[in-house]
Amino acid sequence: MSSQTGAASPLRFGQVVIGPPGSGKTTYCQGMQEFLTRLGRKVVVVNMDPANEGLPYPCAVDVSELVTLDDVMESLKLGPNGGLLYCMEYLEANLDWLENKMKEHSDCYFLFDCPGQVELYTHQSSAKNIFSQLAKWNFRLTSVHLVDSHYCADPAKFISVLCTSLSTMLHVELPHVNILSKMDLIEQYGKLAFNLDFYTEVMDLTYLLDHLAADPFFKKFHRLNEKMAEVIQDYSLVSFVPLNVQDKESMIQVLRAVDKANGYCFGDLEERNLQVMMSAAVGADFQFDSTLGVQERYVETGGKTVEEEMMDL
């Protein structure tokens, strides 16, 4: 690689935006690009999804110039899943193309809009190898993993989301921020059984197991669900930041978490104060008040206020 010869690559920061299909990755990239631009950061978006057509944001680097899913499916007679895996392997084999494209934006903050195929981030190695190479090019990246917030209303789906998030964190090997996206739709498919912070902080999952045991279908899998919950709690890695892309305060909370994870807040590209740096260093940014505000905005609480419910607990 050219980065191994000559001058060292400049230090660059960015976000790798991943998550299941339909979780809001492209919308997040568009919203975050506009938000960061207003803050004064020079931002470029890199489309890493060869199946992503009709992009709503201005794209500085587009992998579809190198390979497209439709061409791969037609020429190799592959389905969508196999074709997408091939596309990522092809990109991995042609990383010099990506490096040359990004050299034109050496002083920018990067948003990588990645494909939505889950196995790319749980056990297939192409995406992981691409991220590792970006780190060798002096990128400081945070993996931003988006999942739909309405899964919180279904205990079985929420435990599945926790397993997927944990597997992704362990496989991708990047600083990681899990996002509950589309907070304005969180109760679209049902009411939450607990307060929002139960889900964002991933508290005692035995309460969710009790809900699952009440369902005749899941009752016979109680032992399996119990073991999966134990694995999640033993690692104690998964937590979530709630997000509504159209809400400024919500975007600020996500950006703070991302900047702490990749170390951007310790840089000299913007003016920072000592309080922000110390808060990031010791992890003293308490999330309870912000989560409380999100719950009051998007979750119906019945007759009592959230504060009264918390006092009862």
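The values are calculated or read from the model by the stated rules, or taken from the named source; none is laboratory data. In this text, all values refer to a predicted model and were calculated from it rather than measured experimentally. Quick reminder, even Gly has a Cβ in these numbers, built from the backbone with ideal geometry, and neighbours come from all protein chains shown. These accessible areas exclude ligands, DNA and RNA; they are computed on the full protein's heavy atoms, side chains included. Shrake-Rupley method; radii C 1.70, N 1.55, O 1.52, S 1.80 Å.
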Cross-link pairs beyond the 32 Å C-alpha cut-off, checked among K77/K103; K227/K248; K136/K227; K42/K77; K25/K103; K128/K182
K77/K103; K227/K248; K136/K227; K42/K77
Can you check what the net charge comes to around D107, using other residues whose Cβ is under 12 Å from the Cβ of D107 (Lys, Arg +1; Asp, Glu -1)?
+3
Sequence-distant or interchain residues sharing an amide H contact under 5 Å with Q15, placed H: which?
F110, L111, F112, T142
The computed P(r) of segment 157-267 puts the percent of Cα pairs beyond 23 Å at 37
What accessible area per residue, rounded to a whole number of Å², is obtained for segment 110-154 using a probe radius of 1.4 Å?
26
For segment 1-145, report the translational diffusion coefficient in µm²/s to the nearest whole number, using Stokes-Einstein at 37 °C, 0.692 mPa s, and a Kirkwood Rh over Cα pairs.
210
Does segment 94-226 come out rounded, prolate or oblate by the C-alpha gyration tensor, with a ≥ b ≥ c the root eigenvalues, rounded set by a/c under 1.5 and, if not, prolate when a/b is larger than b/c and oblate if not?
prolate
Return the whole-Å distance between the Cα centroid of segment 20-94 and the Cα centroid of segment 178-237.
31
Positive end of the charge dipole of segment 120-184 (Lys, Arg +1 and Asp, Glu -1 on Cβ, about the Cα centre): tell me which of A127, S160, H176 has its Cα farthest that way.
A127
Through the Karplus equation 6.51 cos²θ - 1.76 cosθ + 1.60, θ set to phi - 60°, convert the phi angles of segment 243-249 into ³J(HN,Hα) values in whole Hz; use x for Gly and Pro.
9, 10, 4, 7, 9, 4, 4
